[in-house]
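Q: I am attaching a structure below and will ask some questions about it afterwards.
No value in this document is a laboratory result; all are computed from the given coordinates. Everything quoted here is computed from the prediction, not taken from an experiment. FYI the Cβ positions are ideal-geometry reconstructions off the backbone, even for glycines, and counts take in every protein chain you see.
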Ligand code: COA
């Protein structure tokens, strides 16, 4: 993870928590092509680097998490290039969701369009009180193209998702929490601290169980979800970590997970 990026800042602490900051504050961190490529690269690194246990994704500057896809790059796209752009964003966001290490989006400002879609591709979302969510694409004559039409109904239900996508209206952090779009709303100053606390609470647990719990949950919408859940549960039962975790509980001590 010692690679440097033009549009991202990456820092990893000694506990293996990577903080990735989208860094185009003068454009409210809008997702241009270079930034998308760098996001793909950084999450590939996070996936393969065994020393990294989880990631907090946030935005630079006072105003935005990410204010959407870069509208400059959207203007004038033809059908073919529009489809390609959408597919590329979808694949990158899917690779983020598929990272089997917890990814927490910390949203401290605008999360609009592609920014809301990026937050939804993360596994958990913490918003500060000044966060603003919305899918305003309809107002640009477009629809969300980076997975928003699929993930939003999964998270908030079909009727609310349609309302938000068809109106393009914005939600405050508190409204987003009421819909289940964000896990927690915290004061502005304590966003990073709260994200770190949540991450550490997750990482106290065994890495194999964390990984398989995430796999099982993301299969829950599929018909085969129950089958996958049972298979993964069985597989985990057979690991040293599960033996250690159950033994430690019964012996009233803290478990020592080895990831085996
Ligand atoms: N794409 C490209 N540039 C963007 C952008 C986007 N999605 N969002 C903001 N910017 C740029 C602005 O063009 C401006 O650039 P400039 O200084 O070179 O003129 C800069 O970021 C600051 O934005 P500005 O609009 O001046 O800030 P604001 O505080 O007045 O408004 C927003 C903030 C988020 C309400 C407004 O920028 C906005 O509506 N952005 C677009 C949101 C959107 O539709 N996203 C979905 C895209 S699919």
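Q: Report the antiparallel proportion of the DSSP beta bridges in the chain as a percent, rounded to a multiple of 5.
A: 25 percent
Q: Report the extension gain between residue 217 and residue 129 in nm, rounded to one decimal, defined as 0.36 nm multiplied by the number of residues separating them, less their alpha carbon distance.
A: 28.9 nm
Q: Using only Cα positions of the stretch 1-153, each an equal point scatterer, no hydration layer, compute I(q)/I(0) via Debye at q = 0.10, 0.13, 0.18, 0.20 Å⁻¹ and quote the log10 values to two decimals.
A: -0.31, -0.53, -1.04, -1.29
Q: Next question. Evaluate E = 1/(1 + (r/R0)^6) for residue 143 and residue 33, where r is the Cβ-Cβ distance and R0 equals 22 Å; express this FRET efficiency to the nearest 0.05.
A: 0.65
Q: Let me ask something else about it. Separation between the residue 189 and residue 9 pseudo-spin-labels, each 7 Å from Cα along Cα→Cβ, expressed in nm?
A: 1.9 nm
Q: Helix 158-167 versus the longest principal axis of the chain: what angle, 0 to 90°, nearest 10, using Cα atoms?
A: The helix 158-167 is inclined about 30 degrees to the chain.
Q: At 10 °C and 1.306 mPa s, what whole-number value in µm²/s does Stokes-Einstein give for the translational diffusion of the stretch 1-56, with Rh from the Kirkwood sum over Cα pairs?
A: D, rounded to a whole number, is 137 µm²/s.
Q: Also: What translational diffusion coefficient, to the nearest whole µm²/s, does the stretch 126-260 have by Stokes-Einstein, given a Kirkwood radius computed over alpha-carbon pairs, a temperature of 10 °C and 1.306 mPa s viscosity?
A: Answer from the Stokes-Einstein relation: 89 µm²/s.
Q: Any idea what the relative contact order of the chain is, in percent, if you count C-alpha pairs under 8 Å spaced at least 6 apart?
A: Once normalised by length, the contact order is 14 percent.
Q: Provide the gained length on full extension for the span residue 243 to residue 169, in nm with one decimal, where the gain is 0.36 nm per separating residue minus the Cα-Cα distance.
A: 21.7 nm
Q: Can I ask one more? From Cα pairs below 8 angstrom and at least 6 apart in sequence, can you work out the relative contact order of the stretch 1-121, rounded to a whole percent?
A: Relative contact order of the stretch 1-121: 30 percent.
Q: How much FRET efficiency would the formula 1/(1 + (r/R0)^6) give for residue 50 and residue 155, where r is the Cβ-Cβ distance and R0 is 22 Å, rounded to 0.05?
A: So, using R0 = 22 Å, E works out to roughly 0.15.
Q: Which FRET efficiency value, to the nearest 0.05, is calculated for residue 233 and residue 197 with the Förster distance at 41 angstrom and r the Cβ-Cβ distance?
A: It comes out at approximately 0.90.
Q: What distance in nm lies between label points placed 7 Å from Cα along the C-beta direction at residue 260 and residue 73?
A: 4.4 nm
Q: Another one. If I fit a long axis through the Cα atoms of helix 225-237 and take the longest principal axis of the Cα atoms of the chain, what angle between them do I get, 0 to 90°, rounded to 10?
A: Helix 225-237 sits roughly 40 degrees off the main axis of the chain.
Q: Percentage of Cα-Cα pair distances in the chain greater than 32 Å, rounded to whole percent?
A: For the chain, the share of Cα pairs beyond 32 Å comes to 23 percent.
Q: So what is the relative contact order of the stretch 150-260, in percent, for Cα pairs below 8 Å that sit 6 or more residues apart?
A: Relative CO of the stretch 150-260 lands at 17 percent.
Q: Another question, then. Rounding to the nearest 10 and keeping the result within 0 to 90°, find how far the Cα-based axis of helix 79-97 lies from the longest principal axis of the chain.
A: The angle comes out near 30 degrees.
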